[in-house]
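The values are calculated or read from the model by the stated rules, or taken from the named source; none is laboratory data. Everything numeric here is computed off the predicted structure, so don't read it as measured data. Reconstructed Cβ throughout: ideal geometry from the backbone, glycine too, with neighbour counts over all protein chains shown.
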Amino acid sequence: MLKPQVVAVGGGHGLAATIRAVRRYAGRTTAVVATADDGGSTGRLRDAMALPAPGDVRHCLVAMAGNDSGGDAAPLVDALEYRFDGTDVAGHALGNLLLAGLTAVTGDFVAAVDEASRLVGLDPDVARVLPATAEPVVLRATVAGVRGGELTGQVAISRAGGIERVAVEPGGARAPAAAVEALVDADQIVLGPGSLFTSVLAAAVVGELRQALADSRGRLVYVCNLRAEGTETFGYDVADHVAALRRHGIEPDVVVTHAGGLPLGDLGQPGAGTAIEVVRADVVHPGGLAHDSAKLAGVLSELVP
């Protein structure tokens, strides 16, 4: 039996956990990573060099490489997360600097990510990391109770409550063709876990990606967070997460939620047009603070069509 083609979409540490899970059962794994972050080392490099956000891409390269790098590449995988201190590049992660430098040399962020992937030993026929956009984008949100009704910038949005919608600007920002193709051809697509508006939707609302999600033959699985996150999703239950996805034109087939996590809320009645399949399972790391990749792999592998 052929192993499935699986695409993971989102950003940050949540997407890294999903990548580690998916690589346990997929024949081909593609990560499509949000590129709107404007904080920390990433924000400084974006301001200086006008490139898509490298930070979440770096996290995903490390997660995707896992044990694949081996040999001579293994120290480089570890070093990508090294953050300088007490120097002219204090606060920067080596992986961010590498991606910025490769972008400057190649003139293309997607090519830079592919070259970094080669350096850490990834086989592009088996595992690939792709940015959600090939050009810089800014995240914008419609927020209730904010003067003017809008906020701009991922960091500012992550600190807000009452978020209604998010979008990337420019609105016509292109997604890499390979990301669109991977989504359309996927057997399974996994959204999340991660910050709902500033990681998951920050990637999924890119126009070409949202259309590819709708056109895909694959089963769309949303992995819900373990708990409400700061102010961004304060008070949300699982149904609120699903409703937010639907407001953005994204219709998951299944939602996976930790058995002891967020309350379900009103997810509709079986057979109703708004109902959604729910899988409640133990997917948490023994420490209780993050998803366990091995447990998550066991659940997700059973949801492949």
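For the range 173-185, how many residues meet the condition of being buried (at least 19 other Cβ atoms within 10 Å of the Cβ) and not in a loop (DSSP other than H, G, I, E, B)?
Residues that pass the stated criteria total 4.
Residue-wise test of (1) in contact with an Asp or Glu (Cβ under 7 Å, 6 or more places away or on another chain); (2) surrounded by fewer than 24 Cβ atoms within 10 Å (Cβ to Cβ).
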position: Asp187; (1), (2): no, yes
position: Ala202; (1), (2): no, no
position: Glu208; (1), (2): no, yes
position: Phe234; (1), (2): no, yes
position: Ala239; (1), (2): yes, yes
position: Glu251; (1), (2): no, yes
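Need the failing condition index for Ser195 against (1) farther than 14 Å from Thr257 by Cβ; (2) of a type outside the set (Asp, Glu); (3) surrounded by fewer than 24 Cβ atoms within 10 Å (Cβ to Cβ), just the number.
(3)
Quick one: would you say Pro124 is without any contact (Cβ under 8 Å) to a residue 12 or more places away in the chain, under 24 Å from Ile19 (Cβ atoms) and not basic (Lys, Arg)? Explain how you work it out, then say what you get.
Numbers: without any contact (Cβ under 8 Å) to a residue 12 or more places away in the chain: yes; under 24 Å from Ile19 (Cβ atoms): yes; not basic (Lys, Arg): yes.
Here the answer is yes, as Pro124 does meet what is asked.
Taking the range 137-171 as the search range and keeping residues that are small (Gly, Ala, Ser) and assigned to a strand (DSSP E or B), which one is nearest to Ala111 (Cα to Cα)?
So, considering only residues that are small (Gly, Ala, Ser) and assigned to a strand (DSSP E or B), the one nearest to Ala111 (Cα to Cα) is Ala167.
For the range 50-99, name all the residues that are modelled with pLDDT under 90, touching a Ser or Thr at 6+ places or on another chain (Cβ under 8 Å) and assigned to a helix (DSSP H, G or I).
Scanning the range 50-99 gives Leu76, Val77.
What single numbered condition from (1) in contact with a Lys or Arg (Cβ under 6 Å, 6 or more places away or on another chain); (2) crowded, with 24+ Cβ neighbours inside 10 Å fails to hold for Cys60?
(1)
Looking at Asp123 and the list (1) surrounded by 19 or more Cβ atoms within 10 Å (Cβ to Cβ); (2) assigned to a loop (DSSP other than H, G, I, E, B); (3) acidic (Asp, Glu), which single condition is not satisfied?
The number of the failed condition is (1).
Within the range 129-137, is even one residue more than 17 Å from the chain's Cα centre (by Cα), modelled with pLDDT of 95 or more and among the polar types (S, T, N, Q)?
The answer is no; no qualifying residue exists.
When you look at Asp38, is it more than 20 Å from Ala116 (Cβ to Cβ) and in a loop (DSSP other than H, G, I, E, B), yes or no?
Values: more than 20 Å from Ala116 (Cβ to Cβ): yes; in a loop (DSSP other than H, G, I, E, B): yes.
Judged against the criteria, Asp38 is a match.
Among the numbered conditions (1) touching a Gly at 6+ places or on another chain (Cβ under 8 Å); (2) under 30 Å from Ala214 (Cβ atoms), tell me where Arg46 comes up short.
Answer for Arg46: the failing condition is (1).
Is there a residue in the range 278-293 that is crowded, with 19+ Cβ neighbours inside 10 Å, β-branched (Val, Ile, Thr) and under 16 Å from the mean Cα position of the chain (by Cα)?
no
Of the residues Val299, Val200, Val278, which single one is out of contact with any helix residue (DSSP H, G or I) (no Cβ under 6 Å at 6 or more places or on another chain), outside any loop (DSSP other than H, G, I, E, B), closer than 27 Å to Ala160 by Cβ and β-branched (Val, Ile, Thr)?
After ruling out the rest, the residue left standing is Val200.
From the list Ala134, Ala104, exactly one residue is assigned to a loop (DSSP other than H, G, I, E, B) and closer than 29 Å to Ala65 by Cα. Which is it?
So the residue among Ala134, Ala104 that is assigned to a loop (DSSP other than H, G, I, E, B) and closer than 29 Å to Ala65 by Cα is Ala134.
From the list Ala100, Ala104, which residue is surrounded by fewer than 18 Cβ atoms within 10 Å (Cβ to Cβ) and in contact (Cβ under 8 Å) with a residue 40 or more places away in the chain?
On the way: Ala100 fails: surrounded by fewer than 18 Cβ atoms within 10 Å (Cβ to Cβ).
The conditions single out Ala104.
Please work out if Arg217 is surrounded by fewer than 18 Cβ atoms within 10 Å (Cβ to Cβ) and closer than 22 Å to Ala186 by Cα. Before you say what the answer is, go through the steps one by one.
Working: surrounded by fewer than 18 Cβ atoms within 10 Å (Cβ to Cβ): yes; closer than 22 Å to Ala186 by Cα: yes.
So Arg217 fits the description; yes.
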